[in-house]
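Following: one structure in structure tokens, then a few remarks.
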């Protein structure tokens, strides 16, 4: 146990003041990262990091070797085609068919600089395709940066916390929102960041059916592809497939990331998969912002081109190799990342034994899966308050308040950086916390 714990609350408060953060519950992920780094430097306390969703496993060697080979072959000096290298587009389309059960043409599969850029590029098009529909509807809780992307571009949005609207109740809530006639886009992640809710087939069917009825584009963020470990989604071409709204509507954009599935976060490579029909649709209002009214052409040559003029050339070769080995059944990426489920089960247990409660705990009537994230609260504390108190014990996290959750008392805990060697240390720090605050 670090003899420097707990860190003085005055020190914690001073760091927030220095960064101009008045309310810890509203601090962004990167701001908490910065504060934890400053506290580590000043106090010498090594923090248990739960604030940022970075991979805690080595990058898949298949990608590393393919990227090194590509660099040695000289791709670093050449601009890639903005649509993506042909072999990657082919493998993305195969992956969608083999692991989602969804067929789409390779031309509708576009690499991007991480799913964050994929979302940003998509918003710039979906939110401008119909001047009468200028709102994005977030099915929350969700990834806070996607709302920040709306704010910096002046795009409009609203949201609701899905936890009270599961199952058949979701249709009534969505219909209420869509009947206003101003929603262009619906966004969600499943498995969900931060709650780890996984939308069911019934819920995805509702979303897809209403998307078609009201002509709304669904952006489905699959950053945690296949990581509902209650099911085995690892067999190419065999059910069960990763659940997706693409089975129920043609109005979809899928964001598939390499960051967690392949632990390839540092190279900022992901892909956008658009339905064939949406890719070819024309929206005259797009001409107010772009040179074309064709949806797919505009997303690539209007939106993505203005953001980055293409995705890193060598990283595209890495992702090509990763998808190919996975598609060919030679690499089981899900088996490699099941470690996160084991960590989540253990870390949850430590928090619960030390008087914390789960905020989101069920998928309809089933316990949530153990995965990359879970959510906790401490009776008697608000989200910002418990965030600061845990910082005193060298534990960093983020408030659910910034995710669109109705549960502002809660925190998101990421388990990726908490290996088994830290379990006893975490338990000791929470026991020390309980000496001051009592174990409920």
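The values are calculated or read from the model by the stated rules, or taken from the named source; none is laboratory data. Since this is a predicted model, take the numbers as computed values, not measurements. Please note: Cβ atoms are built from the backbone with ideal geometry, for glycine as well, and neighbour counts cover all protein chains shown.
Scan segment 62-70 and give yes if some residue there is touching a strand residue (DSSP E or B) at 6+ places or on another chain (Cβ under 8 Å) and either buried (at least 16 other Cβ atoms within 10 Å of the Cβ) or assigned to a strand (DSSP E or B) (or both), otherwise no.
No: zero hits.
Name the residues in segment 223-278 that are free of Cβ contacts under 8 Å to residues at least 40 places away in the same chain and touching a helix residue (DSSP H, G or I) at 6+ places or on another chain (Cβ under 8 Å), would you?
Within segment 223-278, 250 is the sole residue that qualifies.
Touching a strand residue (DSSP E or B) at 6+ places or on another chain (Cβ under 7 Å) and either outside any helix (DSSP H, G or I) or not assigned by TED's automatic domain parsing to the domain that holds residue 250 (or both): does that describe residue 232?
Criteria not met by residue 232.
Across segment 409-426, which residue is nearest to residue 392 (Cα to Cα) among those that are touching a helix residue (DSSP H, G or I) at 6+ places or on another chain (Cβ under 8 Å) and surrounded by fewer than 17 Cβ atoms within 10 Å (Cβ to Cβ)?
423
Regarding residue 224, is this residue farther than 23 Å from residue 280 by Cα and buried (at least 24 other Cβ atoms within 10 Å of the Cβ)?
yes
Condition test on residue 291, is it in the same structural domain as residue 191 (by TED's automatic domain parsing), surrounded by fewer than 20 Cβ atoms within 10 Å (Cβ to Cβ) and within 23 Å of the chain's Cα centre (by Cα)?
So residue 291 does not fit the description; no.
Can you tell me how many residues in segment 331-368 are in a loop (DSSP other than H, G, I, E, B) and either modelled with pLDDT under 95 or within 25 Å of residue 26 (Cα to Cα) (or both)?
8
Let me confirm something: among 213, 205, 177, 171, which residue is in a helix (DSSP H, G or I), touching a strand residue (DSSP E or B) at 6+ places or on another chain (Cβ under 7 Å) and surrounded by fewer than 23 Cβ atoms within 10 Å (Cβ to Cβ)?
177
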